Amino acid sequence: MRTIIEIEKEKLQGLSLLAKHEHVSRAALIRKAIDNLLESYLKQHSPSDVFGILKKNPEEGLAFQKRLRSAWVT
């Protein structure tokens with residue numbers, strides 16, 4: 001998919017130099033940068049970090065639920 005972005009002249013020049021040094025296109029460098037950004041973000045915001053109240057508790061889910069509900073009964 002194509003998209004249009006604006007890049008400051010100095011940064012574009014730097015990107016062109018890097019692309020020439022690496023023997024790749026500027027587009028390839030930008031795609032790689034986006035991949036790295038997303039990979040880094042996903043590592044920091046992994047769904048496994050936020051989902052599952054039993055993540056650190058080896059207790060089986062149904063047993064946990066019954067134990068909590070038993071506290072409701074008076």
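The values are calculated or read from the model by the stated rules, or taken from the named source; none is laboratory data. Note that the structure is a prediction, hence the values are computed from the model and not measured. With ideal geometry, Cβ positions are generated from the backbone for all residues, glycine too; neighbour counts draw on all protein chains shown.
Within the range 53-70, can one find any residue that is surrounded by fewer than 10 Cβ atoms within 10 Å (Cβ to Cβ), charged (D, E, K, R), closer than 30 Å to ILE7 by Cβ and modelled with pLDDT of 75 or more? For the range 53-70, residues surrounded by fewer than 10 Cβ atoms within 10 Å (Cβ to Cβ), charged (D, E, K, R), closer than 30 Å to ILE7 by Cβ and modelled with pLDDT of 75 or more: absent.
A Cβ distance below 9 Å, combined with a sequence gap of six or more or placement on separate chains, defines the contacts here; from the range 24-39, residues that are under 17 Å from GLY14 (Cβ atoms) reach residues that are in a helix (DSSP H, G or I) and polar (S, T, N, Q) in the pairs ARG26/SER16.
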